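Everything on this sheet refers to the single structure shown next.
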Amino acid sequence: MQALNYLSILSTSPMQLKPGDPAPSFSLKDQHGKQRALAKKLVIYFYPKDFTAGCTLEIQDFAKLYHDFKQKGFEVYGVSPDSVESHSKFCAAYQSDFPLLSDPQAEVAKTYGAWGKGLLGEGMVRSTFVIENGKITQAWYKVNPLGHANWVLKQL
């Protein structure tokens, strides 16, 4: 029953990527102001806002498992509309070593189908993608942040 939390069902985003689709390219700044783009092997997750309950659970879990992802050859990026400065503070608060990317106009989120309508209006749809060699290999929309990083790691 737990797996149902991670299925791509009932998304409110207008389009959804699926395994086999090309991964949309991007260039965004991380918490240090460094430009980041697609990596050969990448887990990219989209989240609504720094310092909120679910997003804090997610960064803590990804930070705790970041070196396990790296051992499997994957980079991890988190993406939200928050500023570079906010991401810098968020990473510092939770000792995160992986890049958090600033997408203030949600341009990248929209290309991944991670932007849509929710209860509070338009915003980020919590979503995660595994990308290998420029292709989406796994995609999940409307994920539950609790234990999500561990679940993703087990799927690799």
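A compact table of results
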read-out: Search result, residues across region 111-130 that are modelled with pLDDT of 95 or more and either within 16 Å of TYR66 (Cα to Cα) or surrounded by fewer than 22 Cβ atoms within 10 Å (Cβ to Cβ) (or both); value: THR111, THR128, PHE129, VAL130
read-out: Residue count for region 107-132, restricted to those that are touching a residue at least 12 places away in the same chain (Cβ under 8 Å) and among the basic types (Lys, Arg); value: 2
read-out: From the options SER88, SER80, residue that is touching a Pro at 6+ places or on another chain (Cβ under 7 Å), touching a residue at least 24 places away in the same chain (Cβ under 8 Å) and not hydrophobic (A, V, I, L, M, F, W, C); value: SER80
read-out: Selection count where residues are touching a residue at least 60 places away in the same chain (Cβ under 8 Å), out of contact with any Ser or Thr (no Cβ under 8 Å at 6 or more places or on another chain) and in a loop (DSSP other than H, G, I, E, B), scope region 31-47; value: 3
read-out: Test: ASP50 is crowded, with 19+ Cβ neighbours inside 10 Å and either of a type outside the set (Phe, Trp, Tyr) or out of contact with any Ser or Thr (no Cβ under 8 Å at 6 or more places or on another chain) (or both); value: yes
read-out: First in region 133-144 and touching a residue at least 24 places away in the same chain (Cβ under 8 Å), second anywhere and surrounded by fewer than 16 Cβ atoms within 10 Å (Cβ to Cβ) and of a type in the set (Gly, Ala, Ser), Cβ under 7 Å, 6 or more apart; value: LYS135/GLY20; ILE136/GLY20
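Yes/no matrix, rows are residues, columns are (1) in a strand (DSSP E or B); (2) modelled with pLDDT of 95 or more; (3) more than 18 Å from GLU132 (Cα to Cα):
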residue	(1), (2), (3)
GLY20	no, yes, no
LEU57	no, no, yes
ASP82	no, yes, yes
GLU85	no, yes, yes
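The values are calculated or read from the model by the stated rules, or taken from the named source; none is laboratory data. Everything numeric here is computed off the predicted structure, so don't read it as measured data. Cβ atoms come from the backbone with ideal geometry, glycine included; neighbour counts cover every protein chain shown.
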